[in-house]
Amino acid sequence: MPAARMAVLVICVATSTCTPTVPEAERIGDPVPGLTDDELARFEAGRALFDRIFTTEEGVGPLFNENQCSACHTFPATGGTGEQLVIKATRRRPDGSCNIMAEEGGENLRRRATPALERLGTVRDTVPSATADIATFAVPFLFGLGAADLVPEDALRGAADPDDRDGDGISGRLGRTPDGRVGRFGRKADVATLHDFTHLALFNEMGITTTAHPRERGPNGAPLPSATDPAPDPEIGDSAVALITDFVRMLAAPPRLPAAPDASTPATPGETLFARTGCAACHTPHVTTGPAPVAALDRVRAPLYSDLLLHDLGPALASTCAPGATETEYRTAPLLGLGSRRSLLHDLRASNIEQAIQLHGGEARTARDAFAALSVSDRQALLRFLRSL
């Protein structure tokens, strides 16, 4: 990262003088402060749908993972995470491009089937091919992600450095969706908008068709057996999907926990070390949103702790590919709610923050090594800061 950019970053970390900052919520799972009465009503209506248990008659399945959004996004509050793992399969084509194996169910190998499908002998999707790369992905925290949807695309392009022209060893790249749009959601930055994210989650996780995904998928992409899907497609209307999307959009970032005995200190020692070791080069503390229909999110600084770009994290963390990402590339994970997570990394292999840092490689190797080289007291200060997020 250029020295000038790092200097601006450190100033913005320590102060709120750059642009207005999103006010902090009182409790995790609260809406963004400052919403209008109408926005609060939409937030609560969306939360009710997010918590609702959908039935087979309403469209769940015939293949699915859960029948309720908050069955996965449950800890420490609705919108959080869970212990479930999404299973994906991809394969490299001869020309080197990534085959996401959507026609075989590779985007999400569903673990459960409805009774009607089970009676015909299908209880889940199976691994589609012995030559496929298989990986598991954890449920993402949704708190504060409304801001990610509002970062102008030009800002993402400006932050990207795919050829590492500044020579700092960090080559953040734009993610891409299957149809070529800029991605900002998903572990591989392969989903463009929060709208797309909601539609895709309903379809992939719950087997509920929407106007964006109107055709039901059978076992591993095969035709769906007759009389196994009683609900007409699409199984949920756009107005309901919009309410769920608004709930996620207006979920506040978790309130910060104390990171130092002196809570009045504008930047804790750990926060300063976070920037000095290079962690903030990818886990950018704040993003700035563009114009937004929700005034509380309009042109504000949001504490995302992610640049929303793809970075190579080395072979130890390799998984599947994506339309715009290699097997070792991941979108920088937002660190919101880090102190509330019980397992870490894309596949939950790390049981604590220090172990997660140690597994970082590739572009994160320099920051990882800088963390390891800290004194014991400095290392603990940095970990206290991370647990405060």
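The values are calculated or read from the model by the stated rules, or taken from the named source; none is laboratory data. All of these numbers come straight from a predicted model, not from anything done at the bench. All Cβ positions, glycine included, derive from the backbone under ideal geometry; neighbour counts span all protein chains shown. Each accessible area value is taken on the protein alone, full model and side chains, heavy atoms only, with ligands, DNA and RNA left out. Shrake-Rupley method; radii C 1.70, N 1.55, O 1.52, S 1.80 Å.
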**MRE, 222 nm, helices only [DSSP H, n ≥ 4, -39500 (n - 2.57), over the chain, to nearest 500]** = -7500 deg cm²/dmol
**Asked** For Gln68, what is the net charge nearby, where nearby means another residue's Cβ is under 9 Å from its Cβ and Lys, Arg count +1, Asp, Glu -1?
**Response** -1
**Message:** Quick one: 3J(HN,Hα) in Hz for the stretch 137-152, Karplus 6.51/-1.76/1.60 with θ = phi - 60°, rounded, Gly and Pro as x.
**Reply:** 10, 7, 6, x, 5, 9, 4, x, 6, x, 5, 4, 6, 10, 5, x
**Request:** Take the alpha-carbon positions of the stretch 254-389, form their convex hull, and give its projected area averaged over all directions (one quarter of the hull surface) in nm².
**Result:** 9.3 nm²
**Item:** Estimated vicinal HN-Hα couplings, Hz - the stretch 361-374 in sequence order (Karplus 6.51, -1.76, 1.60; Gly, Pro = x)
**Value:** x, x, 5, 8, 4, 4, 5, 4, 5, 5, 4, 5, 7, 5
**Request:** Using only Cα atoms, find the angle between the long axis of helix 238-249 and the longest principal axis of the chain, and express it within 0 to 90 degrees, rounded to the nearest 10.
**Result:** 20 degrees
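Ranked by accessible surface with a 1.4 Å probe, highest first, in what order do Val248, Val123 come? Before the final figure, lay out the partial values.
Working: Val248 5, Val123 80 Å².
Ranking Val248, Val123 by accessible area, largest first, yields Val123, Val248.
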**Complete:** Counting only protein heavy atoms and rolling a 1.4 Å probe, one gets per residue an accessible area for the stretch 20-74 in Å² of 47 Å²
**Asked** Can you give the accessible area of Glu104 in Å² (nearest 10), computed on protein heavy atoms with a 1.4 Å probe?
**Response** 50 Å²
**Prompt:** Can you give the % of DSSP beta bridges in the chain that are antiparallel, to the nearest 5?
**Reply:** 95 percent
**Message:** I want to verify a result. In a Gaussian network model of the chain, Cα cutoff 10 Å, which of these has the top mean-square fluctuation: Ala333, Ala364, Ala155?
**Reply:** Ala155
**Request:** Run through every distinct alpha carbon pair of the stretch 276-343 and return the Kirkwood hydrodynamic radius in angstroms, one decimal place.
**Result:** 13.8 Å
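Take the Cα gyration tensor of the chain, multiply each eigenvalue by 5, square-root it, and list the three semi-axes largest first, rounded to whole angstrom. Present the calculation step by step, with values, prior to reporting the outcome.
Numbers: eigenvalues 248, 123, 68 Å².
Listed largest to smallest, the semi-axes of the chain are 35, 25, 19 Å.
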**Request:** Can you tell me the relative contact order of the chain? Whole percent, Cα pairs under 8 Å, sequence separation 6 or more.
**Result:** 22 percent
**Prompt:** In Å, what Rg and Dmax follow from the Cα atoms of the stretch 329-389?
**Reply:** 11.5, 32
**Request:** Name the residues whose placed amide hydrogens come within less than 5 Å of the amide hydrogen of Thr284, ignoring near sequence neighbours (fewer than 5 apart) on the same chain.
**Result:** Ser306, Asp307
**Asked** Most mobile of Gly169, Gly121, Gly180 per a Gaussian network model of the chain (Cα springs, under 10 Å)?
**Response** Gly121
**Message:** With a 1.4 Å probe and all protein chains kept in place, how much accessible area does Arg349 have, in Å² rounded to the nearest 10?
**Reply:** 100 Å²
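Contour minus end-to-end for Ala316 and Glu57, with contour as 0.36 nm per residue of separation and end-to-end as the Cα-Cα distance? Before the final figure, lay out the partial values.
On the way: separation 259, 0.36 × 259 = 93.24 nm, distance 4.35 nm.
Answer, rounded to one decimal: 88.9 nm.
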**Message:** Starting from the 7 Å offset along Cα-to-Cβ, what nm value, one decimal, do you get for the label separation of Ala212 and Ser375?
**Reply:** 5.0 nm
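Over the stretch 172-213, what per residue volume does the convex hull of the Cα atoms give, in whole Å³? Could you put the intermediate results ahead of the total?
On the way: hull volume 2.7 nm³, N = 42.
Taking only Cα atoms, the stretch 172-213 has a hull volume of 64 Å³ per residue.
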**Alpha-carbon centroids, the stretch 91-110 and the stretch 147-212: separation in whole Å** = 18 Å
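How much length, in nm to one decimal, is gained on full extension between Thr19 and Arg342, taken as 0.36 nm per residue of separation minus their Cα-Cα distance? Spell out each step's value before the answer.
Numbers: separation 323, 0.36 × 323 = 116.28 nm, distance 3.30 nm.
Working it through step by step, the gained length comes to 113.0 nm.
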**Message:** Taking the 0 to 90 degree range and rounding to the nearest ten, how far is the long axis of helix 376-387 tilted relative to the main principal axis of the chain, both from C-alpha atoms?
**Reply:** 40 degrees
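Let me know the Kirkwood hydrodynamic radius for the stretch 22-99, please, with Cα pairs as the basis and the value in Å to one decimal.
Numbers: mean 1/r = 0.0639 Å⁻¹.
Kirkwood hydrodynamic radius for the stretch 22-99: 15.7 Å.
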**Request:** With everything on Cα atoms, drop me the angle between helix 37-51 and the longest principal axis of the chain, reported from 0 to 90° to the nearest 10.
**Result:** 60 degrees
**Prompt:** Roughly speaking, what is the stretch gain from Glu26 to Ala159, that is 0.36 nm per residue apart minus the C-alpha to C-alpha distance, in nm to one decimal?
**Reply:** 44.7 nm
**Fill in**
With label points set 7 Å from each Cα along the Cα-to-Cβ direction at Arg93 and Asp238, the distance between them in nm comes to 3.1 nm
